[in-house]
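The values are calculated or read from the model by the stated rules, or taken from the named source; none is laboratory data. Being a predicted model, the structure only gives us computed values, none of them experimental. Note that we place each Cβ from the backbone using ideal geometry, even for glycine, and neighbour counts take in every protein chain shown.
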Amino acid sequence: MKTAHKSLYEDVQVQFNKAADLMKLNSGIRNILSETANEIVVHFPVKMDDGKIEMFTGYRVQHNNILGPYKGGLRYHPSVDLDDAKALATWMTWKTALAGLPYGGAKGGIHIDPAKYSQNELERITRRFTYALGNNIGPEYDIPAPDVNTGPQTMAWILDTYLTTRSQGERNNCLHVVTGKPLNCGGTLGRDRATGFGVVTNINEWAKSNKLDLTKATFIVQGFGNVGSWSAHFMKEKGSKLLAVEDVSGIIYSASGIDPDDLIEFAKKNGGKITGFPNTVAITHKEFLSTKADIFIPAALSNQITIETAPLLNVKLVAEGANGPTSPEADTILQQRDIGLIPDVLCNSGGVIGSYFEWLQNKRSEYWELDEVIEKVRKKVVEAYTNVSKTAASYKTDLRTAAYIVAISRLESAYKERGIFP
């Protein structure tokens, strides 16, 4: 599903510069925010099940930490490289600042196709990667989280490995070195659904402003992993109808609607695949993008909506569940076609907000109920959406540029107040 494109980090810079120009960002602070703070590349050996040794390359890019510890996911995917990590780390800085969290931005992962390795091999790869990163991560310095092809189990392995490198007296104070952990390892209720819940909360706010009745709305979803499936679940709760789903296994369509919860159960029983779901037909990628619906939720990889594919869309709103699914050129096309867009740094921020609440619970040795966590996420998301909407109106610009302005303004204020050492 990923199309050829220029550097993802170049896309980030285009978006940043547009906002910086409009808000007349201080030139010195602009120079700082245009660069990443640290770019860590590690090469490490791992013994495979057959006894052979393979070398792997892992990345951790730390963009900025003026507002607090670095924060961001780790993904295991063949697309992982330094450029993508730089782009994703920068987006995380904007996302955490926009959400009003005391975090900076980081991202990373391993250049790997996890489908080619056994569970035992993935555990050894993860543990060796954690050890290779060493003190480049830490509960008050840089806090990883799940991302593409990683999840609670991956975080549990990272946690356990990291704790073994600490003294016995330190270990219980380091549970918040990662978020997105299993519940029994210090995870929080609601973290699994926080990103999807945030996506739909944003959609709900947009719908209210644009007089779209979600009880009669239709939508399509690209990617049916954690974000896509939970987004579909919460859209169903709003009364909306799912028409089509695309993932790596194929594409399904039903004019009468697809039940997201039934599809989730079907995928669990079929190795994560959605193809073959009853009462649906297979369609092409082009047919999927051209499906007439009210809302499109891209929740897969970056650069899915491009100068080639943007003209195909037949929707009223794009809600970016994924990071960077829309190129700057496609942004312009969508605006010209009067298609609304909720940008990734706002739309999928429920995930890092949920992570923040897990981190807080670990620091305080507290346990919060599901309803409490979800309500806290909802309040943060609505607050962020409201700030972006007001800023868009004030600057007469699009929601993405407005989201950047809100985020960058907070970073600019922090630098002006703290000054630059020495």
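Can you tell which of E372, E329, E358 is free of Cβ contacts under 8 Å to residues at least 24 places away in the same chain, acidic (D, E) and farther than 28 Å from I29 by Cα? Talk me through it step by step, then tell me what you get.
Details: E329 fails: farther than 28 Å from I29 by Cα; E358 fails: free of Cβ contacts under 8 Å to residues at least 24 places away in the same chain.
The match here is E372.
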Notebook entry, point to check: Within region 104-112, is even one residue touching a residue at least 12 places away in the same chain (Cβ under 8 Å), assigned to a loop (DSSP other than H, G, I, E, B) and within 16 Å of the chain's Cα centre (by Cα)?
Noted result: yes
Check: What is the one condition in (1) over 16 Å from V178 (Cβ atoms); (2) at pLDDT 95 or above that E123 does not satisfy?
Finding: (1)
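Could you tell me whether region 184-200 includes any residue that is aromatic (F, W, Y), on the phi < 0 side of the Ramachandran plot and buried (at least 23 other Cβ atoms within 10 Å of the Cβ)?
To start, the set of residues in region 184-200 that are aromatic (F, W, Y) comprises 197.
Among the residues that remain, those that are also on the phi < 0 side of the Ramachandran plot are: 197.
Subsequent filtering for residues that are buried (at least 23 other Cβ atoms within 10 Å of the Cβ) retains 197.
Checked against the condition, which is being aromatic (F, W, Y), on the phi < 0 side of the Ramachandran plot and buried (at least 23 other Cβ atoms within 10 Å of the Cβ), region 184-200 yields at least one hit.
Among S7, S34, which is the only one that is surrounded by fewer than 20 Cβ atoms within 10 Å (Cβ to Cβ), touching a Phe, Trp or Tyr at 6+ places or on another chain (Cβ under 8 Å) and among the hydroxyl-bearing types (S, T, Y)?
Working: S7 fails: touching a Phe, Trp or Tyr at 6+ places or on another chain (Cβ under 8 Å).
When all the criteria are applied, what remains is S34.
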Next item on the list: Quick one: count up the residues across region 388-401 that are free of Cβ contacts under 8 Å to residues at least 40 places away in the same chain and in a helix (DSSP H, G or I).
Entry: 5
Checklist line | Matching option when the condition is free of Cβ contacts under 8 Å to residues at least 60 places away in the same chain, among the small types (G, A, S) and under 24 Å from A115 (Cβ atoms), among S256, S249 | finding: S249
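If I filter region 38-82 down to residues being among the small types (G, A, S) and free of Cβ contacts under 8 Å to residues at least 60 places away in the same chain, which single residue comes out as farthest from I405 (Cα to Cα)?
Let us first name the residues in region 38-82 that are among the small types (G, A, S), namely 51, 58, 68, 72-73, 79.
Now restrict to residues that are free of Cβ contacts under 8 Å to residues at least 60 places away in the same chain: 51, 68.
Working: G51: 52, G68: 19 Å.
That would be G51.
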Check: Would region 373-384 turn up any residue that is at pLDDT 95 or above, within 18 Å of N226 (Cα to Cα) and of a type in the set (G, A, S)?
Finding: no
Check: If a residue has to be under 20 Å from A293 (Cβ atoms), touching a residue at least 60 places away in the same chain (Cβ under 8 Å) and in contact with a helix residue (DSSP H, G or I) (Cβ under 8 Å, 6 or more places away or on another chain) to count, how many in region 303-319 make the cut?
Finding: 4
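Residue-by-condition table, conditions (1) assigned by TED's automatic domain parsing to the domain that holds T93; (2) in a strand (DSSP E or B); (3) within 18 Å of K416 (Cβ to Cβ); (4) modelled with pLDDT under 95:
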| position | (1), (2), (3), (4) |
| --- | --- |
| A19 | no, no, yes, no |
| L22 | no, no, no, no |
| L25 | no, no, yes, no |
| I40 | yes, yes, no, no |
| H43 | yes, yes, no, no |
| D49 | yes, no, no, no |
| M55 | yes, yes, no, no |
| Y59 | yes, yes, no, no |
Next item on the list: Determine which member of the set L175, L183 is without any contact (Cβ under 8 Å) to a residue 24 or more places away in the chain and touching a helix residue (DSSP H, G or I) at 6+ places or on another chain (Cβ under 9 Å).
Entry: L183
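Given the criteria over 26 Å from G51 (Cβ atoms), crowded, with 21+ Cβ neighbours inside 10 Å and more than 13 Å from the chain's Cα centre (by Cα), does L98 qualify? Walk me through how you get there before you give the answer.
On the way: over 26 Å from G51 (Cβ atoms): yes; crowded, with 21+ Cβ neighbours inside 10 Å: yes; more than 13 Å from the chain's Cα centre (by Cα): yes.
For L98, the condition - over 26 Å from G51 (Cβ atoms), crowded, with 21+ Cβ neighbours inside 10 Å and more than 13 Å from the chain's Cα centre (by Cα) - is met.
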Note to self: Given the options I220, I258, I203, name the one that is among the aliphatic types (A, V, I, L, M) and over 19 Å from the mean Cα position of the chain (by Cα).
What the structure shows: I258
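Quick grid of which residues meet (1) farther than 21 Å from E320 by Cβ; (2) in contact with a helix residue (DSSP H, G or I) (Cβ under 9 Å, 6 or more places away or on another chain):
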position	(1), (2)
M235	no, yes
V245	no, yes
Y253	yes, yes
F266	yes, no
N270	yes, no
Notebook entry, point to check: Only one of (1) closer than 30 Å to E140 by Cβ; (2) touching a Lys or Arg at 6+ places or on another chain (Cβ under 9 Å) is not met by S240, so which one is it?
Noted result: (1)
Notebook entry, point to check: Across region 149-180, what is the number of residues that are under 21 Å from the mean Cα position of the chain (by Cα) and over 19 Å from G109 (Cβ atoms)?
Noted result: 1
